[in-house]
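The values are calculated or read from the model by the stated rules, or taken from the named source; none is laboratory data. Keep in mind that what you see is a predicted model, and the values were worked out from it rather than measured. So basically every Cβ, Gly included, is an ideal-geometry build from the backbone, and we count neighbours across all protein chains shown. Note: accessible area is taken over every heavy atom of the protein model, side chains too, but ligands, DNA and RNA are not part of it. Shrake-Rupley method; radii C 1.70, N 1.55, O 1.52, S 1.80 Å.
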Amino acid sequence: MAELRYATAAAAATRASSSPSKRDADAASASSPLVASPRVGGGKDAPRPHQRWSLPPPVRSLLALEDPRSPAASTSYRILVAAIACFTLAALFSATSVWSRLNAPYLCRKEGIRLHCPRVSERDSLWENPHAAATSWKPFAERRSDEISDLVPENETSGFIFIHAEGGLNQQRIAICNAVAIAKIMNATLILPVLKQDQIWKDQTKFEDIFDVDHFINYLKDDVRIVRDIPDWFTEKDELFTSIKRTVKNIPKYASAQFYIDNVLPRIREKKIMSIKPFVDRLGYDNVPMEINRLRCRVNYHALKFLPHIEEMADKLATRMRNRTGNLNPYMALHLRFEKGMVGLSFCDFAGTREEKAMMATYRQQQWPRRYKNGSHLWPLALEKRKEGRCPLEPGEIGIILRAMGYTKETQIYVASGQVYGGNTRMAPLRNMFPNLVSKEDLASKEEMEPFKKHVTSLAALDFLVCLKSDVFVMTHGGNFAKLIIGYRRYMGRHRLKSIKPDKGLMSKFFGDPYMPWATFVEDVMITHQTRTGLPEPTFPHYDLWENPLTPCMCRA
């Protein structure tokens, strides 16, 4: 019986091994790279001529190498499907992020001379100062009706002072305010200042060609004695322009009130009439009595008035700016300081052709030979100045900042500037972003502008007034023009409208990062400029009175 059972079992095994289905399965197992072949021999060091790796049960079940109906395979199958689903979702999210980053508009795309910046939506706070409600300052420099005059009698004055107001219109304006202040300090009589012809402007405008002389003298009659001309009894008038004996020189910059009392007043008492030159920034801010600073504000904001025809023309230009589209619109005034002289004096490096850079190097060497030397030190110096925000913004750069702030292509912009260095080519990126960019020559006819061309200073006066009346004022570099505009807007309550001082160092930071996304740049611009909108600021030692006339000239409402 034992032999019979053994023979029967052997026959069954033989039939099973020789069946077609078994042969097909064995053939598939032998040819599949996913199933390991059995070892030849039994030792652990036996050779493995066809070694293959065995896959885990879930994968084998998925590939139909194992029966999915088995409990183990069914559980593993579900786990694998869930894992693949999670992996697929993660891959989709990652692909979206990568695609977005690859196609992100990094700042602005440049095509030739054009800059294409992403479109932005106009914000509600673009044309108003969002922090204006927190301020409660009002003007306090005007003379009150109940204020007692402390003007000394004419025969008790210490003498006459005569000054040459140098530079452009705004530099001359500051010199006039300082002249009234030092006349008050020394109890002297002020001869109406002379507006000296500037080497750059080459203008021979007189005081009475720009300012209302009668208003100037009458408004200050209780503060300082002012006469229109040199007294008749003084016959040697030319000496005030040429003689060293009649000139007080070497007055330090931002001198104190005590310096004038100790060093200038004795000479005026001795000579009776003295000329003071040069006279630019020759009186400090934090080393003079408070009432003297208040007097300077009184001169600047109340006594110095432009002639009526200048005021009327400026009103027309401002009205035309607001009605250019047929509807009443706000407008921005942009003081664009990028003249050849400013670019050269800055000693900064700007984009341009090799020929343009070579011409600028020659110009700097001719104009400022001591600073230029051999030019080898200028490149690292230019990089450092740009990082510190001490370089003028190019037209295209200020356009990018304005676009990041939210100003759209439809924004109406009045540009106040001289001849831009580089001409239309340099202006093209800004005009491309803001096509509604105009100047006074675009708003007025040739016949209207003709009377103002006689005096270059009167053209500057028009720019001054139109910028003063604007809804938003933007400066691109420092200077007396921008200081006086921002200070005037603060003093007269126009601080409730924006006066923007761009952070020039931002452009160096972000242009140095070619992978900075536009959204990040916009966020940094908005955060940086939250407190650069022209609100009155607490004063500090050596502050600039013309830009921030807070403590001496304003008071809490």
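Ordering W379, W127, W518 by accessible area with a probe of 1.4 Å, largest first, what comes out?
Solvent-accessible surface, decreasing: W379, W127, W518.
In whole Hz and in residue order, list the ³J(HN,Hα) couplings for region 338-350 that follow from phi through the Karplus curve 6.51 cos²θ - 1.76 cosθ + 1.60, θ = phi - 60°; x for Gly and Pro.
In residue order, the calculated couplings are 8, 6, 4, x, 5, 4, x, 5, 5, 6, 9, 9, 10 Hz.
Checking the cross-link filter: which lysines have an alpha carbon closer than 20 Å to that of K498, excluding same-chain neighbours under 8 positions apart?
Hits, sequence-local ones excluded: K138, K409, K469, K483.
Give the long-range amide H neighbours of T189: residues separated by 5 or more places, or on another chain, with amide H under 5 Å away, using H modelled in the peptide plane at 1.01 Å from N.
S158, G159, F160, I161
Provide the solvent-accessible area of T242, counting protein heavy atoms only and rolling a 1.4 Å probe, rounded to the nearest 10 Å².
Here the residue's solvent-accessible area equals roughly 110 Å².
Amide H to amide H, which residues 5 or more places from G418 or on other chains are under 5 Å from it, using H placed in the peptide plane?
F338
Excluding same-chain residues fewer than 8 positions from K373, which lysines have a Cα within less than 25 Å of its Cα?
The qualifying lysines are K340, K357, K385, K387.
For Y219, Y488, write out the residues from largest to smallest accessible area, computed with a 1.4 angstrom probe and no ligands counted. Walk me through the numbers before you get to the answer.
On the way: Y219 60, Y488 35 Å².
Largest accessible area first, the residues go Y219, Y488.
For K253, go through the aspartates and glutamates and keep the ones whose alpha-carbon is under 19 Å away, minus same-chain ones fewer than eight residues off.
E166, D262, D281, D286, D544, E547
Run the quick spin-label model on D232 and V152: label points 7 Å from Cα toward the beta carbon, then report their separation in nm to one decimal.
Result: 2.6 nm between the two label points.
Express the accessible area of region 380-448 per residue in Å², computed with a 1.4 Å probe while the remaining protein chains stay in the model.
Spelled out: the 1.4 Å probe surface of region 380-448, per residue, equals 39 Å².
Output wanted: per-residue J couplings in Hz (rounded whole) for region 399-409, from phi through Karplus 6.51 cos²θ - 1.76 cosθ + 1.60, θ = phi - 60°, x for Gly and Pro.
x, 5, 5, 5, 5, 5, 6, x, 6, 8, 5
How far, in nm, would the chain grow between A82 and K509 when pulled straight, counting 0.36 nm per residue and subtracting the alpha carbon separation? Please report the intermediate quantities before stating the final value.
On the way: separation 427, 0.36 × 427 = 153.72 nm, distance 4.61 nm.
Full extension of this stretch gives 149.1 nm more.
Summing Lys, Arg as +1 and Asp, Glu as -1, what charge do residues with Cβ under 11 Å from the Cβ of L240 carry, L240 excluded?
Combined, the nearby Lys, Arg, Asp and Glu give +2.
Of all the C-alpha pairs in region 407-538, what % are more than 27 Å from each other? Intermediate values should be presented prior to the final figure.
Details: 2434 of 8646 pairs.
Considering region 407-538, 28 percent of its Cα-Cα pairs are separated by more than 27 Å.
Multiply the residue gap between R556 and T325 by 0.36 nm, knock off their C-alpha separation, and tell me the result in nm, one decimal place.
Numbers: separation 231, 0.36 × 231 = 83.16 nm, distance 3.93 nm.
Here the segment from R556 to T325 would lengthen by 79.2 nm.
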